[in-house]
Amino acid sequence: MKYDIVHDLPQRIRISLALPKRHTPENSQLERLFLAVDGVQKVSFNRRTRNILVIYNGDGAVKVVLLKILHETSLIFVKKETFKQDKLKQKKKAAMLSGALLIARSMIPVAMAPFLSLYGAMPVLKKGFSAILNKRLNVDVLDSTAVGISLLRSDYLTVGFITFFLKVGDYLEERIRQKSRESISKMFLNQNGWAWVRRNGCEMQINIKEVVVGDLVVVRTGSSIPVDGIVADGAALVNQSSITGEPFSVPKRAGLMVYAGTVLEEGLLTIKSIKVGDKTRVSKIIKVIEGSEGLKADVQNHAEMLANRIVPYSFILSGLIYLFTGSSIKATSILLVDYSCALKLSTPLMIMSAMIAAARQNIFVKGGKFMEKLAEANVFVFDKTGTLTEAQPKVFDILTFDGFNREELLKNVACVEEHFPHPVATAVVKKAEDEGLVHEENHAEIEYVLAHGIVSRIEGKRMLVGSKHFISDDNGIDVEGKESVIKDFMDRGYSVLYVAVENNLAGVIAIEDRVRDDLQIFLKMLKDSGVNRTIMLTGDNYATARNVAQRLGIEEFYAQALPERKAGIIKDLKSKGYVVAMVGDGINDSPALSCADVGISMKHGADIAREACDILLLDKGLEGIVDARWIAQDAMFRIKQNFRYIIGINSALIGLGILGMITPVTSALIHNATTILVSANSLKPYRIPLAGEERIMA
């Protein structure tokens, strides 16, 4: 096999293979061959550039073996694998060939017409035979039967038109699906770009796909970061909105983490890559959205089942028409009009286009079924802290008891709280920073008791931070005699964080958790969209919960709700027939998010909440829920609209065919045109109404 060495570095060699496109081997084929050599650590083959990158232990003997393998490996090796054309290109080629045969029909000798028609119809006939062998009576059987009857009748014009329309339909379907998936990827990351890497002191430009873990990637102003990694050198401002939803650029310096798909707005960074290619966080997001087509909505499953159930009736009706009229033309016209084709194509396209529309608003929906459930949800359950209230609560006051020092207490609480991504924890840490209290990592291992509090030791003393229930009931620490001053905070709507050292109540921290300014408008919009009930859940005490609920006009609320109780409330609502949406952002919300018909989390939520949710809002506040619901309800409306179009138009075609008013060719033409138009309706762009505009919910 002919080859050229592109570059030869210590422990790394890149080789360009002189291979024709039709004989390009699969990646795994060459990679397995080289990985079998002792001393080879990693092999990466790029089919597009035909370059193979080998990372090895640097032993010269290993390199000799590698080159010998290449020298002695013939093209017979790669000819064993048939080169597979891209699916879309295959369907395009088939449609173009079918069209060419149809156009050239008048120039083709009469004797050749049967053979050319049979050649063009073979893919359709094969699909039908395959379905019968697998004991499936579906649209493929319907189409192949219509084509077969036309061939037997020597109606080669009809055969040509039918096969042409079917192949054009296949091509358009595949093209639409591919473009939908591509549009998702393009929103986040250009996987076919180039990256600058520094190797052995030299900076070189390589394809992003060739960047490996451990590479030092150099990124300059205006460029997209191609890897997940740690900043090794430099300082810059990075826009992370595509990943975290943060509206402002974030300063990055040595030691901090950066992510693929984010943009360096100003500065220069050298990044040591930790995750590359499809291992990066943004690639996982893309995969979730691309793969979520498999999480079909009930309406999509219903459409597909209905489509397949209709097929036998088409055969029965066609047989009856032939029995009573004796006209094979009328019978064939019936077979050429099926409801299933448009039903099976338009519904998944509608769901996918709605998900893409939501993604463009930085609303990530993890499956079609969740889009449907969001449209149907009639009960919304909200966690309080960080969801109905601002994501940035503040420490209002700190009270200490029994001689404990205020600054020491705040410093120690901040020391343990900084390890947890909860808004209340963040508020305590920020208060310590504002007061210039520097806290060292002088605590023992921290134990987080879900929805209760934190246990640790500082300077050998056991410290507890959490709710009254956790401090008093679970750990038996006496809080009597101090409740009057604490109650005053609660009555004024503040959340209270209890702090105990050893067996004594050391103090309390009053947290001011302001209600979001735009919440009244949001709740009204939600009610206008068809939501019957809104419920608030919180781990706070009854007085604080009542205070917040009254300010928001929420009549139903549950205080001191632990994770198990939150999940239980959701299950109870579902058992009563409600479609429940749960909105939360904390670790203790994750069980409820998982139990709900659709779980929604916010951009600032804990990692486990972001994983447990079905819809993630990255660039919007609660108004993003209304936008997502508007898209979802509009999608459901269009699905029903398409259903009416499909049933109405195809029923009319069947009627005209029975009356003999249209030929099979005309029937096929109108039927396929209808399928394409219905699919186009599925892909019409969604426009989010502006503030103040009327939102018409279907």
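Of all residues in region 250-275, how many are crowded, with 18+ Cβ neighbours inside 10 Å and hydrophobic (A, V, I, L, M, F, W, C)? Write out each step before concluding.
Of all residues in region 250-275, those crowded, with 18+ Cβ neighbours inside 10 Å come to 252, 258-262, 264, 269-271, 273.
Subsequent filtering for residues that are hydrophobic (A, V, I, L, M, F, W, C) retains 258, 260, 264, 269, 271.
Total satisfying the criteria: 5.
Take the residues of region 615-628 that are touching a Gly at 6+ places or on another chain (Cβ under 9 Å) and not β-branched (Val, Ile, Thr): which is surrounded by the fewest Cβ atoms within 10 Å (Cβ to Cβ)? Please lay out each step first, then the result.
First, pick out the residues of region 615-628 that are touching a Gly at 6+ places or on another chain (Cβ under 9 Å): 615-620.
Going one step further and asking which of them are not β-branched (Val, Ile, Thr), we end up with 616-620.
Values: Leu616: 23, Leu617: 27, Leu618: 22, Asp619: 15, Lys620: 17.
Looking at the filtered set, the residue picked out is Asp619.
Counting just the residues of region 452-466 that are more than 36 Å from the chain's Cα centre (by Cα) and in a loop (DSSP other than H, G, I, E, B), which one comes out surrounded by the most Cβ atoms within 10 Å (Cβ to Cβ)? Spell out how you get there, then give the answer.
Step one: filter region 452-466 for residues more than 36 Å from the chain's Cα centre (by Cα), giving 455-465.
Of the ones still in play, those that are also in a loop (DSSP other than H, G, I, E, B) are 459-460.
Values: Glu459: 9, Gly460: 7.
Within region 452-466, the match that is surrounded by the most Cβ atoms within 10 Å (Cβ to Cβ) is Glu459.
So that you can scan it fast, the table gives a plain yes or no per residue for (1) assigned to a helix (DSSP H, G or I); (2) of a type in the set (A, V, I, L, M, F, W, C); (3) at negative phi; (4) in contact (Cβ under 8 Å) with a residue 60 or more places away in the chain:
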position: Val499; (1), (2), (3), (4): no, yes, yes, yes
position: Met525; (1), (2), (3), (4): yes, yes, yes, yes
position: Met536; (1), (2), (3), (4): no, yes, yes, yes
position: Asp540; (1), (2), (3), (4): no, no, yes, yes
position: Ala543; (1), (2), (3), (4): yes, yes, yes, no
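Conditions (1) modelled with pLDDT under 90; (2) more than 27 Å from Gln392 (Cα to Cα), marked per residue:
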{"site": "Val579", "(1), (2)": "no, yes"}
{"site": "Asn588", "(1), (2)": "yes, no"}
{"site": "Leu653", "(1), (2)": "yes, yes"}
{"site": "Leu656", "(1), (2)": "yes, yes"}
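When you look at Asp473, is it out of contact with any helix residue (DSSP H, G or I) (no Cβ under 8 Å at 6 or more places or on another chain) and part of a loop (DSSP other than H, G, I, E, B), yes or no?
When the stated conditions are applied, Asp473 does not pass them.
Limited to region 264-285, what total is found for residues that are at pLDDT 80 or above and touching a strand residue (DSSP E or B) at 6+ places or on another chain (Cβ under 6 Å)?
Residues that pass the stated criteria total 10.
Filter region 160-211 down to the residues that are of a type in the set (A, V, I, L, M), modelled with pLDDT of 65 or more and not in a helix (DSSP H, G or I) and list them by number.
Listed by number, the residues that qualify are Ala195, Val197, Met204, Ile206, Val211.
Please identify the pairs in which a residue from region 595-609 that is closer than 10 Å to Thr387 by Cα has its Cβ atom under 6 Å from the Cβ atom of a residue that is modelled with pLDDT of 70 or more, counting only partners at least 6 apart or on another chain.
Listed pairs, sorted by first residue: Ser601/Asp585; Ser601/Cys613; Ser601/Leu616; Met602/Asp585; Met602/Leu617; Gly605/Asp585.
Could you tell me which residue of region 505-523 is nearest to Gly568 (Cα to Cα), considering only residues that are over 29 Å from the mean Cα position of the chain (by Cα) and assigned to a loop (DSSP other than H, G, I, E, B)?
Asp513
Condition check ((1) at pLDDT 85 or above; (2) outside the structural domain of Ser44 (by TED's automatic domain parsing); (3) assigned to a helix (DSSP H, G or I); (4) among the charged types (D, E, K, R)) across all residues:
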position: Val213; (1), (2), (3), (4): yes, yes, no, no
position: Ala232; (1), (2), (3), (4): yes, yes, no, no
position: Ala235; (1), (2), (3), (4): yes, yes, no, no
position: Lys287; (1), (2), (3), (4): no, yes, yes, yes
position: Gly291; (1), (2), (3), (4): no, yes, yes, no
position: Lys296; (1), (2), (3), (4): no, yes, no, yes
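Determine which member of the set Val37, Val54, Val64 is at pLDDT 65 or above and surrounded by 18 or more Cβ atoms within 10 Å (Cβ to Cβ).
Val54
The values are calculated or read from the model by the stated rules, or taken from the named source; none is laboratory data. It should be emphasised that the depicted structure is a prediction, and the values quoted were computed from it without experimental measurement. Note: ideal-geometry Cβ built from the backbone for every residue, glycine included; neighbour counts use all protein chains shown.
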